[in-house]
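> Below you will find the structure I want to go over with you.
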Amino acid sequence: LYQMYPGEVDYREFLDGAASLGIYVIVPLTSASGGGALNRTLAAPKCYDKTLFWYGATALAEYLKYPNVLAGMVGNEVMHDEDAWKAAPCIRAYSRDLKLFMDRMVDEEVHNRTLPLMYAMQDASVIGGAEMDKNEAMKLTADYLTCAKMGKGELVADVAGDEPRHGSQHFEENQYGQSPVDIVGINIEIESWCSSTQDYRQNPDGTFGSSFLLYEALRNTSVPIIFTEMGCPHSHFDRDDLERKTAEGTRDWAQVPIVMNEMTGSWSGFIAYAYDDPEDFAMISGGPFDGADTLKPTKDFYNFRNQLNKMTGKTALTNDTDSGTALPRRCSKVQSDLLSCCDLRLFNDAMIQSFQNTVNVPAQQDKMPTAGVKHNMHTQQEDEHSTTGDENSVICAVLGLAALVLCIVAQKGFRLPMQRKSQSDDEPLQSGFGFPNALGTDRSNYGSV
């Protein structure tokens, strides 16, 4: 989901209803504007303040009680140009504080789990003001968001993918914890798999396929990688092949089994873009999504569903792959790479003020944090490309409100007991949430993260 209003809107009926259908949800931990916005126009440390943390703490305290909340999004395409990259340390600092706050809630038995944190980057070739190979840019971005300091504790590597014996150092065991981001997403909705004749490994002109090159570039990333916005716009699909192109631009979704059968050595899934809105990506017709109007799946939706049946069910756990041994890179080495490639010198995120002690851990009966000042909540519609935007992987198939989520990464100890009832091809989907006994649903058997 791209926009929620923690502390203002009660999502119990929706989240309980989603769980009853086997639906897992990724929640936003930032907003498009107001107190929940990470201001990417300001360089670190000014881009992070206590109102942003209060927003995230409120969201976590509220959403962690729902077992079908899968992960939290700490940013969507924040570092999109030279100036915005200077705000990158604030993403790490914000994630650090959220993790410390979740640890406090677990320690005080308010919640019994923490939530994996995710960042979604754009499919772009710019870091700072420098143009570079697109896949190298995305790999370096992932390295920065997941790098670790030197010190005692877990191992880290000088070069991505190094084994412990190859010049590795250790995580810094301090109050700021380890890798801030647990899952890295890549938005590839534009010019991605836009032809029904596209091949994974090789293009018609003999060059390597873009997805294959991206797979190779990110093989040694230390955290799970997923496509967070996958799906060519309807207006672009087969636009260069008039014999194949349909008036609706219906996508064939041939990349679905590719990602889950061919790319599992380093890839852990994707979010298909999108269930509803924007129109050039939607799989559902009718509406609006107001709880009253009937929504009907399109041919695009059924193509997507049919491709799910071609998945073999393989995961990184069962593949013969060395991706599980990749270590997080040492931050000083990543900083050196950013300086040499892009003349980009970033503020040390460990020096950014922590706000995690400015909020009291909620009592068990409250499940809502309290602060000295009520943070400012805004309800402006978020654009999907705004400042927020916002050990092994497992596969799940779920239907989300803002996007169809096919396969989402989970950390150790992840269980998926929920099953969604099948939908016949000619049966319309209802946009309403009228789930029976939604407010009184027992969530004890939904599974856990």
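> From largest to smallest, what semi-axes in whole angstrom does the stretch 174-255 give when each is the square root of 5 times an eigenvalue of its alpha carbon gyration tensor?
33, 16, 7
> Out of the total accessible area of the stretch 202-296 (probe 1.4 Å, heavy atoms of protein only), what percent is carbon and sulfur?
48
> Further question on the same structure: So for the stretch 1-136, what are the equivalent ellipsoid semi-axes in whole Å, largest first, each being the square root of 5 times an eigenvalue of the Cα gyration tensor?
They are 28, 17, 13 Å, listed largest first.
> Just the accessible area per residue of the stretch 208-345, please: how many Å² with a 1.4 Å probe?
Computed with neighbouring chains in place, this is 45 Å² per residue.
> Would you please name the trypsin sites (Lys or Arg not before Pro) within the stretch 194-276 that are DSSP coil residues with at most 14 other C-beta atoms within 10 Å of their C-beta?
For trypsin sites (Lys or Arg not before Pro) across the stretch 194-276 that sit outside H, G, I, E and B with at most 14 neighbouring Cβ atoms in 10 Å, the list reads R201, R244.
> Also, quick follow-up: For a label point 7 Å from the Cα of E279 along Cα→C-beta, name the residues of the stretch 228-256 whose backbone N is under 17 Å from it.
233-237, 247-250
The values are calculated or read from the model by the stated rules, or taken from the named source; none is laboratory data. The model shown is predicted, which means the values in this text are computed figures rather than measured ones. All Cβ positions, glycine included, derive from the backbone under ideal geometry; neighbour counts span all protein chains shown. Heavy atoms of the whole protein, side chains included, go into the accessibility calculation; ligands, DNA and RNA do not. Shrake-Rupley method; radii C 1.70, N 1.55, O 1.52, S 1.80 Å.
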